[in-house]
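Written below as structure tokens is the structure these notes are about.
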Amino acid sequence: MILDSATSYYRFELEDEETGIKSRRELANQIGFLHALARKHSFAAVITNQVYSDVIAGGVRPLGGSSLEHISKTIIQLEKNR
């Protein structure tokens with residue numbers, strides 16, 4: 001199963017301080033549910049995520065915080081050569 005742009009529905013809520021925590025929790029619950037289904041029924045789940053440039057810390061960060069990183073078994077980062 002492929003879930004493309006898992007955080008796109010939450011993109012604007014995640015940026016807001018007040019709704020961000022609730023949205024991150026809901027997103028983590030949904031991804032966790034998908035993870036449980038994949039294990040129970042023995043199928044692979046591929047999830048893509050949007051990223052942004054963190055100008056303060058530097059580098060590229062995933063949208064939605066680190067919850068997807070903690071749930072994920074493998075992370076593949078694709079970069080565009082210039």
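Take every pair of alpha-carbon atoms less than 8 Å apart whose residues are at least six positions apart; their mean separation over the length of the range 32-74 yields a relative contact order of 25 percent.
Per-residue ellipticity at 222 nm computed for the chain from its helices equals -13000 deg cm²/dmol, with DSSP H segments shorter than 4 residues left out and the rest contributing -39,500 (n - 2.57).
All of the numbers you see were taken from the coordinates with simple rules; none came from a lab. All values reported here derive from a predicted model rather than from experimental measurement.
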